[in-house]
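K.L.:
Structure in structure tokens, see below.
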Amino acid sequence: MNMFSKKSPLTWAVHISVVLLVALWLFPTVGLFVSSFRTADQIANTGWWKALFTQERQAPAIRISGEEAEIDGRFVISGNLFESDEVEISKWGTSSRAPEAYAPGETVDVGDGASLTVTEDGAFSLAAPQSFGDSRLPRVFTTATRPPEFTLENYRFVLFDPGNREGMARAFFNTLTVTIPATIIPIVIAAFAAYALAWMRFPGRALLIAAVVGLLVVPLQLALIPLLRLHNEIGIGKGYLGVWLAHTGFGLPLAIYLLRNYMVGLPRDIIENARVDGATDFQIFVKIILPLSFPALASFAIFQFLWTWNDLLVALVFLIDATGETTVMTKQIVELLGTRGGNWEILATSAFVSIAVPLVVFFAMQKYLVRGLLAGSVK
Amino acid sequence: MHPALQGLITIIVGVGGCVGYFYLSNRFLDYVLFPARGEHAGRNINRANQIRPWLFLFPALFALGLYLAYPVFATLWLSLTDRNAGGAFVGFANYSQMFGEPKFWEAMTNNMLWLIIVPAFSTGFGLLAAQLTDRISWGGIAKSLIFMPMAISFVGAAVIWKLVYDTRPAGQDQIGVLNAVWLSFDGGAWSVLVLKLMPIALLAVFAACMGYVIYQALRPLLGREVRRGQIGVWGYVLRGLLSLAAAWMLWLSLGAIPSLFSASLPYGEPQTWLTIPFWNSIFLMVVLVWIQTGFAMVILSAALRGIPEETIEAAIIDGANPFQIFFKIKVPQIMSTIVVVWTTITIVVLKVFDIVFAMTNGQWETQVLANYMYDKLFRTNDWGVGSASAMIIMLLVTPILAWNVYNARKETR
């Protein structure tokens, strides 16, 4: 039963609305993505949405350089202002006060008897009766249409430049170091507990399930100071061990809840049969329940991975000490927002480095994520 | 030691330790403590089976108790003591100090706005997106693109949206989308249509929705056709709170209409969006709505698909139009899911910290409770007031906690 039958104009309205909605939702992320491939100068001068098209804009001054050659008694330096050959100059100048003074092809006197010609494609020739020697060569201001230009330089700088003290490479590995144990350990602990809550009979079971549901919504903000104090008292202090333990504790309620709900739905016959055949609970759990629960385990693993990877607060409180050696990517980005607020090429690239991994996980394992969400909230 | 190596060792020790603990403790139970042989074999098996669940549960219960349950009470205690006085009990002094701070009330007011606006718009957009994408062939792709912000960290989202809100001085090319769009308005007829009449119409629709919510919430309490016994005490309280919140929103939106009508907008001047009080909070909320809409959409779309076809067919045969089908047949049937989505987003909002921390850090009147608490705990090192504000967050979560526990109990019974 389709309430928008095929030929109805409503169908078109639906298509257009969805296109608009998707565009609106995608637009901000695409902006950051495109920006991460532009140079600082491009980002500062034009909106990223113009980067996708050929555009006319004023380029920063280029100082002429090149080998001097003696031709017919005149000393000539020639070459091209641009590396790309698709640039088309519409105006040029030699001073910042009049950057659009001349048309391409014009020959201009730049003092000391020297003359300069710049043609439409950026080729220049500077000629003078005497050698230029070590004197400063003139600068050229251009207004030119140029095709879209993208660079990987930002990524090289942010990830691989050893001289960049605000680089993301170390933070990337720190985040990874936090994330993997913090994802795996709660799964193991929760799986056993979930099995007990789903398939073992004992007094107080219903109460414990209710308690887990209650703990699901307890804000972790409450845990910060008491646990930090506890960690300091038992000698863990701030560091990886502390953050792993904290993430494990905070992730457990959801893990137990998701896994228990899934395990309860497994067919009773399999488990009863195994019991009759003499299998112990431990064997039933390891050989039957765990393999069958794979979808639920995967769902929780994705949740916990995204949550620990994207987390800022827990890392700030339990991990990052005064030395900053153990900084994670989220913290690094917040830091950059403070110190490099205007350097969008660095900010955008750093942010995208941290976003990329969750996005890949998201698109690769979306099925399990959706399944987990549904199991976690719709009853 | 290299952290990666340390991480690897932790995984091995952690996972190995857990599995080893479970395996060995079970062995111990079955072969040493209560062996299933000899004259008491039957009794021993029963005893072992009584103890075994607790073996399975122990690590989880220990971690839950230590990392979630204990801190609630420890924080409660901290909020009643003074750290500088060596942890002496001071009663409600921290609370009264906090209630005396204007920054706290600013955070409270903002949080209330967040609590209403973000869940409302996320759920609304989510419902719209779910309904629309279920109707088209490429809906799956559209869904995963709208869902995508879920994977992006709040900090990453903050950077993304800071670029949208970026400001350049007048005369330069704007690189933030919002300012670029803003500068395309020049005060002409088009601007009046888009920036005055359209928002006013939207506000009027929003106010009407709020009125409808109040009507729906209060009708069972006033009407005679519904037996009063069906609504418990909590029903009254919840409906009362809901209609109060809706009335506040109704008041705000109606009040905004005349001021919007008479406002003279600074056309042609680039705005620093994040420093305009009130509106900057809205701009921060947009970020969270952007993230949470996908979540609402995924869950509501599943609920919409679960609606029995017969009910819709019957409505079509009875001559209902698409809007009637949506609002009168579909929405009532997925009401319980809408409530679940709403409360889930509410909890996210209560904990929202990263967005404010990264974008404005509570400056320009954008403070929220979670960031206020972080400020108190780790910047001014005032554990008493910090814990007190954490307790306020806990207090706000408690109704949802009670509601969830109540529902879970009903189910397992």
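Derivation of every value follows stated rules applied to the coordinates shown; laboratory data play no part. These numbers were taken from a predicted model, which means no experiment stands behind them. Cβ placement follows ideal geometry from the backbone for every residue including glycine, while neighbour counts extend to all protein chains displayed.
K.L.:
Once you keep just the Cα pairs under 8 angstrom separated by 6 or more residues, what percentage relative contact order results for chain B?
P.N.:
On the way: 388 pairs, mean separation 103.8, N = 413.
The value is 25 percent.
K.L.:
A further question on this structure: So what is the relative contact order for the stretch A:73-213, in percent, with contacts set as C-alpha pairs under 8 Å and at least six apart? Please report the intermediate quantities before stating the final value.
P.N.:
Working: 163 pairs, mean separation 30.1, N = 141.
Once normalised by length, the contact order is 21 percent.
K.L.:
Okay, moving on. Can you tell me which aspartates and glutamates have their Cα less than 20 Å from the Cα of B:LYS328? Leave out same-chain residues fewer than eight positions away.
P.N.:
Cα-Cα hits under 20 Å: B:ASP134, B:GLU225, B:GLU309, B:GLU310, B:GLU313, B:ASP318.
K.L.:
To continue, here is another question. Which pairs in the list B:LYS330/B:LYS351; A:LYS50/B:LYS162; A:LYS331/B:LYS376; A:LYS331/B:LYS162; B:LYS143/B:LYS330 are over 22 Å apart, alpha-carbon to alpha-carbon?
P.N.:
Details: B:LYS330/B:LYS351 31 Å; A:LYS50/B:LYS162 18 Å; A:LYS331/B:LYS376 19 Å; A:LYS331/B:LYS162 16 Å; B:LYS143/B:LYS330 20 Å.
In this structure, B:LYS330/B:LYS351 lie more than 22 Å apart at Cα.
K.L.:
If the viscosity is 1.002 mPa s and the temperature 20 °C, what translational diffusion coefficient in µm²/s does Stokes-Einstein give for chain A when Rh comes from Kirkwood over Cα pairs?
P.N.:
Working: Rh = 26.6 Å.
Answer, rounded: 80 µm²/s.
K.L.:
Which aspartates and glutamates have a Cα lying under 19 Å from the Cα of B:LYS196, excluding residues fewer than 8 positions away in the same chain?
P.N.:
Leaving aside aspartates and glutamates fewer than 8 places away in the same chain, those within reach of B:LYS196 are B:ASP186, B:GLU269.
K.L.:
Most mobile of A:ALA51, A:ALA169, A:ALA101 per a Gaussian network model of chain A (Cα springs, under 10 Å)?
P.N.:
A:ALA101
K.L.:
Under Stokes-Einstein, with the Kirkwood radius over Cα pairs standing in for Rh, what whole-number D in µm²/s applies to the protein assembly as shown at 37 °C and 0.692 mPa s?
P.N.:
108 µm²/s
K.L.:
Quick one: helix A:205-216 against the long Cα principal axis of chain A, what's the angle to the nearest 10°, folded into 0 to 90?
P.N.:
20 degrees
K.L.:
Scan the stretch A:320-378 for GluC sites (Glu not before Pro) in coil per DSSP, keeping those whose Cβ has at most 15 other Cβ atoms within 10 Å, and list them by number. Walk me through the numbers on the way to the answer.
P.N.:
Working: sites: A:GLU325, A:GLU335, A:GLU345; in loops: A:GLU325.
Answer by residue number: A:GLU325.
K.L.:
Given a Förster radius of 56 Å and the C-beta distance between B:LYS410 and B:LEU197 as r, what FRET efficiency does 1/(1 + (r/R0)^6) yield to the nearest 0.05? Write out the running numbers ahead of the final one.
P.N.:
Values: r = 49 Å, r/R0 = 0.87.
That pair, B:LYS410 with B:LEU197, gives E of 0.70.
K.L.:
Let me ask something additional. In chain B, once you exclude exposed GluC sites (Glu not before Pro) (DSSP loop, at most 16 other Cβ within 10 angstrom), what's the longest stretch remaining?
P.N.:
Numbers: sites that count: B:GLU39, B:GLU225.
Excluding the exposed sites themselves, the longest stretch runs over B:226-413.
K.L.:
Per residue of A:188-201, what is the mean number of Cβ atoms on other protein chains within 10 angstrom of that residue's Cβ?
P.N.:
Values: counts 10, 14, 4, 4, 10, 9, 3, 3, 9, 5, 0, 2, 7, 3.
If you average over the peptide's residues, the count of other-chain Cβ atoms is 6.
K.L.:
Here's another thing I want to ask about it. Check B:THR81: other-chain or 5+ apart residues with amide H under 5 Å from its amide H, H built from backbone geometry?
P.N.:
Residues meeting the criterion, in which the H sits 1.01 Å from N, are B:VAL90.
K.L.:
In addition: So if the hydrodynamic radius of the stretch A:69-223 is defined as the Kirkwood radius over C-alpha pairs, what does Stokes-Einstein give as its diffusion coefficient at 37 °C and 0.692 mPa s, in µm² per second? Could the numbers behind the result be given before it?
P.N.:
Details: Rh = 22.8 Å.
Estimated via Stokes-Einstein, D reaches 144 µm²/s.
K.L.:
If you filter the stretch A:67-98 for trypsin sites (Lys or Arg not before Pro), then keep DSSP loop positions with at most 13 other Cβ within 10 Å, what is left?
P.N.:
Loop-located and lightly packed - A:ARG97.
K.L.:
Against the longest alpha carbon principal axis of chain B, how many degrees, from 0 to 90 and to the nearest 10, is the axis of helix B:279-305 turned?
P.N.:
Taking Cα atoms only, the helix is inclined about 60 degrees.
K.L.:
Now for a different question. How much of the pair distance distribution for the stretch A:214-254 lies past 16 Å, counting alpha-carbon pairs only, in percent?
P.N.:
Details: 278 of 820 pairs.
Tail of the P(r) past 16 Å holds 34 percent of the pairs.
K.L.:
Starting from the exponent 0.38 and prefactor 2.2 Å, build the expected Rg for the stretch A:218-359 from its residue count and divide its actual Cα Rg by it. Display every interim value, and only then the final one.
P.N.:
Working: Rg = 20.6 Å, N = 142, 2.2 N^0.38 = 14.5 Å.
For the stretch A:218-359, the normalised Cα radius of gyration comes out at 1.42.
K.L.:
Report the equivalent ellipsoid semi-axes for the stretch B:91-241 in whole Å, largest first, defined as the square roots of five times the eigenvalues of the gyration tensor built from alpha carbon atoms. Mind dumping the intermediate values first?
P.N.:
Working: eigenvalues 266, 148, 84 Å².
The equivalent ellipsoid of the stretch B:91-241 has semi-axes of 36, 27, 20 Å.
K.L.:
Determine, from the Cβ-Cβ distance of A:PHE363 and B:ALA256 and an R0 of 35 Å, the FRET efficiency 1/(1 + (r/R0)^6), rounded to the nearest 0.05. Intermediate results must be reported in sequence, preceding the final value.
P.N.:
Working: r = 40 Å, r/R0 = 1.14.
The pair A:PHE363/B:ALA256 has a calculated efficiency of 0.30.
K.L.:
Which of A:LYS238, B:LYS376, B:LYS328 has the fewest other C-beta atoms within 10 Å, and how do the rest follow up to the most?
P.N.:
Details: A:LYS238 20, B:LYS376 24, B:LYS328 12.
So the residues, fewest neighbours to most, are B:LYS328, A:LYS238, B:LYS376.
K.L.:
Which order results if B:VAL233, A:VAL108 are arranged by neighbouring Cβ count within 10 Å, fewest first?
P.N.:
Working: B:VAL233 7, A:VAL108 15.
By the 10 Å Cβ count, ascending: B:VAL233, A:VAL108.
K.L.:
For every helix of n ≥ 4 consecutive DSSP H residues, a contribution of -39,500 (n - 2.57) applies; sum these over the protein assembly as shown, divide by its total residues, and give [θ] at 222 nm rounded to the nearest 500 deg cm²/dmol. Please report the intermediate quantities before stating the final value.
P.N.:
Details: 30 runs with 469 residues, N = 792.
Using -39500 (n - 2.57) per qualifying helix, the result is -19500 deg cm²/dmol.
K.L.:
Follow-up question, since we're still on this one. Please check: in the Gaussian network model of chain B (C-alpha springs, under 10 Å), which one of B:VAL164, B:VAL348, B:VAL181 has the largest mean-square fluctuation.
P.N.:
Between B:VAL164, B:VAL348, B:VAL181, it is B:VAL181 that shows the largest mean-square fluctuation.
K.L.:
For A:HIS231, B:HIS40, what ranking results if the residue with the fewest other Cβ atoms within 10 Å of its Cβ goes first?
P.N.:
On the way: A:HIS231 20, B:HIS40 13.
Taking fewest neighbouring Cβ atoms as first place, the list is B:HIS40, A:HIS231.
K.L.:
Amide H neighbours of A:GLY79 under 5 Å, at least 5 residues apart or on other chains, H built in the peptide plane: list them.
P.N.:
Excluding prolines and chain starts, which carry no amide H, the hits are A:PHE124.
K.L.:
Taking each residue in B:326-337, count the Cβ atoms of any other chain within 10 Å of its Cβ, then average. What number comes out?
P.N.:
Details: counts 1, 0, 0, 0, 0, 0, 0, 0, 1, 0, 2, 4.
The mean count of partner-chain Cβ atoms within 10 Å per residue comes to 1.
K.L.:
Can you tell me the length gained on complete extension of the stretch A:ASP161 to A:SER96, counting 0.36 nm per residue apart and subtracting the Cα distance?
P.N.:
On the way: separation 65, 0.36 × 65 = 23.40 nm, distance 3.32 nm.
Gain on extension, A:ASP161 to A:SER96, equals 20.1 nm.
K.L.:
Output the Kirkwood hydrodynamic radius of the stretch B:3-58, Cα pairs only, in Å rounded to one decimal. It would help to have the intermediate numbers written out before the result.
P.N.:
Numbers: mean 1/r = 0.0784 Å⁻¹.
That comes to 12.8 Å for the stretch B:3-58.
K.L.:
Also, quick follow-up: Net charge around B:PHE99, counting only other residues with Cβ within less than 15 Å of its Cβ (Lys, Arg = +1; Asp, Glu = -1)? The partial results should precede the final answer.
P.N.:
On the way: positive: B:LYS103, B:LYS376; negative: B:GLU101, B:GLU106, B:ASP382.
With Lys, Arg at +1 and Asp, Glu at -1, the net is -1.
K.L.:
Same structure, new question: Over all distinct Cα pairs, what is the inverse of the mean 1/r for the stretch A:140-297, reported as the Kirkwood hydrodynamic radius in Å? Write down the numbers at each step before the final one.
P.N.:
On the way: mean 1/r = 0.0504 Å⁻¹.
Across the stretch A:140-297, the inverse of the average 1/r is 19.8 Å.
K.L.:
With 22 Å as the cut-off, how large is the P(r) tail for the stretch B:180-335, expressed as percent of Cα-Cα pairs? Let's see the in-between values first.
P.N.:
Values: 7755 of 12090 pairs.
The share of Cα pairs beyond 22 Å in the stretch B:180-335 comes to 64 percent.
K.L.:
Which of the peptides B:338-345, B:28-35, A:209-216 is most tightly packed, and how do the rest follow, going by the mean number of other Cβ atoms within 10 Å of each residue?
P.N.:
On the way: B:338-345: 19.6, B:28-35: 14.6, A:209-216: 21.2.
Most protected by this proxy first, the peptides run A:209-216, B:338-345, B:28-35.
K.L.:
Hey, got a sec? Which trypsin sites (Lys or Arg not before Pro) in the stretch A:287-349 land in a DSSP loop and have at most 15 other Cβ atoms within 10 Å?
P.N.:
Working: sites: A:LYS287, A:LYS331, A:ARG340; in loops: A:ARG340.
Of the trypsin sites (Lys or Arg not before Pro), the ones in loops of the stretch A:287-349 whose Cβ has at most 15 other Cβ atoms within 10 Å are A:ARG340.
K.L.:
Determine, at each q value in 0.19 (inverse angstroms), the log₁₀ of I(q)/I(0) that the Debye formula gives when each Cα of the stretch B:186-267 is one equal point scatterer.
P.N.:
So the normalised log intensities are -0.81.
K.L.:
Moving on to the next point. Can you give the convex hull volume per residue for the Cα atoms of the stretch B:251-350, as a whole number of Å³? Before the final figure, lay out each step's value.
P.N.:
Values: hull volume 17.5 nm³, N = 100.
Once divided by residue count, the hull of the stretch B:251-350 is 175 Å³.
K.L.:
Tell me the label-point distance for the pair B:LEU244, A:ASP269, using the 7 Å Cα-to-Cβ offset, in nm and rounded to one decimal.
P.N.:
Label at B:LEU244, label at A:ASP269, 5.5 nm between them.
K.L.:
Once both axes come from the Cα atoms, what is the angle between helix A:224-233 and the longest principal axis of chain A, in degrees from 0 to 90, rounded to 10?
P.N.:
Tilt of helix A:224-233: around 80 degrees.
K.L.:
Show me the three semi-axes of the equivalent ellipsoid for chain B, from the C-alpha gyration tensor (sqrt of 5 times each eigenvalue), largest first, rounded to whole Å. All intermediate terms of the calculation are to be shown ahead of the outcome.
P.N.:
Numbers: eigenvalues 404, 209, 126 Å².
One finds semi-axes of 45, 32, 25 Å for chain B.
K.L.:
In peptide A:11-19, what is the residue-averaged number of other protein chain Cβ atoms found within 10 Å of each Cβ? Please report the intermediate quantities before stating the final value.
P.N.:
Values: counts 2, 0, 1, 7, 6, 0, 5, 13, 3.
Mean shielding by partner chains, rounded to a whole number: 4.
K.L.:
Which three semi-axes in whole Å describe the equivalent ellipsoid of the stretch A:205-277, each the square root of 5 times a Cα gyration tensor eigenvalue, listed largest first?
P.N.:
Working: eigenvalues 241, 45, 19 Å².
Working through the eigenvalues yields semi-axes of 35, 15, 10 Å.
K.L.:
Which residues make up the longest stretch of chain A clear of chymotrypsin sites (Phe, Trp or Tyr not before Pro) that lie in a DSSP loop with no more than 14 other Cβ atoms within 10 Å, not counting the sites? Kindly include the intermediate steps, with their values, before the conclusion.
P.N.:
Working: sites that count: A:PHE53, A:PHE150.
Segment A:151-379 is the longest.
K.L.:
Considering the Cα trace of the stretch A:293-379, what is its radius of gyration and what is Dmax, both in angstroms?
P.N.:
15.9, 48
K.L.:
Can you work out the FRET efficiency for the pair A:VAL110 and A:GLU83, with r the C-beta to C-beta distance and R0 = 30 Å, to the nearest 0.05? Mind showing how you got there, number by number?
P.N.:
On the way: r = 23 Å, r/R0 = 0.78.
Using R0 = 30 Å, I get an efficiency of 0.80.
K.L.:
Highest GNM mean-square fluctuation, chain A, Cα pairs closer than 10 Å: which of A:ASP134, A:ASP121, A:ASP311?
P.N.:
A:ASP134
K.L.:
May I pose another question? Quote the relative contact order of the stretch B:186-267 in percent (integer), defining contacts as alpha-carbon pairs under 8 Å separated by 6+ residues. Let's see the in-between values first.
P.N.:
Values: 45 pairs, mean separation 39.7, N = 82.
Here the relative contact order equals 48 percent.
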